[in-house]
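The values are calculated or read from the model by the stated rules, or taken from the named source; none is laboratory data. Worth saying up front: this structure is predicted, and the values here are computed from it rather than measured. Glycine also receives a Cβ, built like all others from the backbone with ideal geometry; neighbour counts cover every protein chain displayed. Accessible surface is based on the protein model in full, side chains and every heavy atom, while ligands, DNA and RNA are left aside. Shrake-Rupley method; radii C 1.70, N 1.55, O 1.52, S 1.80 Å.
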Amino acid sequence: MEVKDKIIVALDVDSLDKAKPLVESLAPHVGCFKVGLELLTAVGAPQVVEFVHSLGGQVFLDGKFKDIPNTVAGASKAVAKMGVKMFNIHCLGGSAMMKAAKHAVEEVCGNEKCPVILGVTLLTSLDHKDLVEMGIYDELNIADPEEKKQIEQDRIERFAVRHLAWLAQECGLDGVIASPKEIEAIRNYCQPELLVVTPGVRPLWAAAGDQKRIMTPAEAIKAGATALVIGRPITKPPVEIGTPVDAAKKIAEEIASVL
Ligand code: C5P
């Protein structure tokens with residue numbers, strides 16, 4: 001894997017016009033472009049994928065599939081036929097759904113290279129309160145707030161990381177999406193071959209924006225990340241850094257320095 005393949009650019013725009021200059025300039029310098037629900041819904045998955053391919057880029061289709069196994073198998077087949085580099089599904093869809101996605105992709109690709117399937121463990125927007133609300137855990141009856149916070153954090157990690165990441169691996173998925181702070185636990189608990197793709201990455205020279213639990217590219221790679229999803233630091237770099245290509249090159253240098 002080349003250093004540039006470790007950089008996945010989040011294409012968080014709502015039209016192909018806005019995506020065009022980014023894909024055109026960045027395609028030779030990054031591994032692929034993550035297209036999410038916004039662009040997929042506004043434009044249509046086949047159109048977006050064809051567009052990125054036509055400009056020499058590759059696609060991480062961030063569609064986060066979660067439905068009954070038969071439906072997710074159908075969607076996974078369609079994605080595999082588009083020739084994307086990777087796509088993702090929710091681990092919370094269950095083991096039958098994850099296995100169905102894997103099987104569907106293998107059926108389409110045969111001996112050819114299959115797209116990488118990544119599992120979304122627990123959305124990082126969910127906290128312990130949400131898990132209680134959903135009936136996954138009971139409310140903790142602990143008076144000491146610090147102790148309570150610690151146990152809540154442990155429970156999330158156990159559920160999101162140890163349990164769901166391990167389940168994804170057992171179902172044959174190639175990897176998981178994880179917050180930078182979860183990488184170490186995944187590396188300790190799962191097989192070394194499991195790919196770990198992480199957002200929430202910020203070089204020291206970029207604004208954190210709305211990201212809270214962040215790591216620098218070097219820290220995330222050192223912690224064991226396989227590839228990094230990076231949006232605004234590349235698509236809207238600070239003026240002193242220069243163009244998106246300058247930003248991507250600077251990040252590649254930072255990654256290379258710790259490999
Ligand atoms: O601009 P920024 O680098 O924050 O973009 C990060 C990308 O990764 C966005 O597309 C965001 O939706 C996605 N993401 C994230 N945190 C997660 C899951 C996905 O930032 N836990």
Looking at this structure, is Glu253 out of contact with any strand residue (DSSP E or B) (no Cβ under 7 Å at 6 or more places or on another chain), without any contact (Cβ under 8 Å) to a residue 24 or more places away in the chain and open to solvent by 40 Å² or more (accessible area, probe 1.4 Å)?
-> yes
Restricting attention to the stretch 111-123, and to residues there that are open to solvent by 50 Å² or more (accessible area, probe 1.4 Å) and more than 17 Å from the chain's Cα centre (by Cα), which single residue is modelled with the lowest pLDDT?
-> Asn111
Taking Ser54, is it more than 20 Å from Thr226 (Cα to Cα), under 21 Å from the mean Cα position of the chain (by Cα) and either modelled with pLDDT of 95 or more or aliphatic (A, V, I, L, M) (or both)?
-> no
Inside the stretch 104-127, the number of residues satisfying the requirement of being assigned to a helix (DSSP H, G or I) and in contact (Cβ under 8 Å) with a residue 60 or more places away in the chain is 0
Sole exception among (1) hydrophobic (A, V, I, L, M, F, W, C); (2) without any contact (Cβ under 8 Å) to a residue 40 or more places away in the chain; (3) under 22 Å from Ala104 (Cβ atoms) for Ile151, by number = (3)
Within the stretch 202-241, restricting attention to residues that are polar (S, T, N, Q) and in contact (Cβ under 8 Å) with a residue 24 or more places away in the chain, which residue is nearest to Tyr189 (Cα to Cα)?
-> Thr226
May I ask you to verify whether Ile68 is over 19 Å from the mean Cα position of the chain (by Cα) and either surrounded by fewer than 21 Cβ atoms within 10 Å (Cβ to Cβ) or not basic (Lys, Arg) (or both)?
-> yes
Meets criteria (open to solvent by less than 50 Å² (accessible area, probe 1.4 Å), more than 21 Å from Thr198 (Cβ to Cβ), at pLDDT 95 or above and not hydrophobic (A, V, I, L, M, F, W, C)) for Gly94 | yes
The condition of being in contact (Cβ under 8 Å) with a residue 12 or more places away in the chain and within 16 Å of the ligand (Cβ to nearest atom) holds, among Leu164, Leu173, only for Leu164
From Arg187, Arg232, grab the single residue that is closer than 18 Å to Thr121 by Cβ and surrounded by fewer than 21 Cβ atoms within 10 Å (Cβ to Cβ).
-> Arg187
Per the list (1) open to solvent by 10 Å² or more (accessible area, probe 1.4 Å); (2) closer than 19 Å to Asn88 by Cβ; (3) modelled with pLDDT of 95 or more, residue check on Val49 breaks on (1)
Is it the case that the stretch 57-74 has a residue that's under 24 Å from Thr124 (Cα atoms), of a type in the set (Asp, Glu) and either away from the ligand (no atom under 14 Å from the Cβ) or in contact with a Ser or Thr (Cβ under 6 Å, 6 or more places away or on another chain) (or both)?
-> yes
Would you call Ile183 modelled with pLDDT of 95 or more and either within 16 Å of the ligand (Cβ to nearest atom) or in contact with a helix residue (DSSP H, G or I) (Cβ under 9 Å, 6 or more places away or on another chain) (or both)?
-> no
Residues of the stretch 128-139 that turn out to be part of a loop (DSSP other than H, G, I, E, B) and either touching a Leu at 6+ places or on another chain (Cβ under 7 Å) or loosely packed, with under 14 Cβ neighbours inside 10 Å (or both), as a count = 5
Selection from the stretch 26-42 of residues that are open to solvent by 40 Å² or more (accessible area, probe 1.4 Å) and more than 13 Å from the ligand (Cβ to nearest atom) | Pro28, His29, Thr41, Ala42
Looking only at residues in the stretch 190-226 that are within 12 Å of the ligand (Cβ to nearest atom) and among the basic types (Lys, Arg), which one is most open to solvent (accessible area, probe 1.4 Å)?
-> Lys212
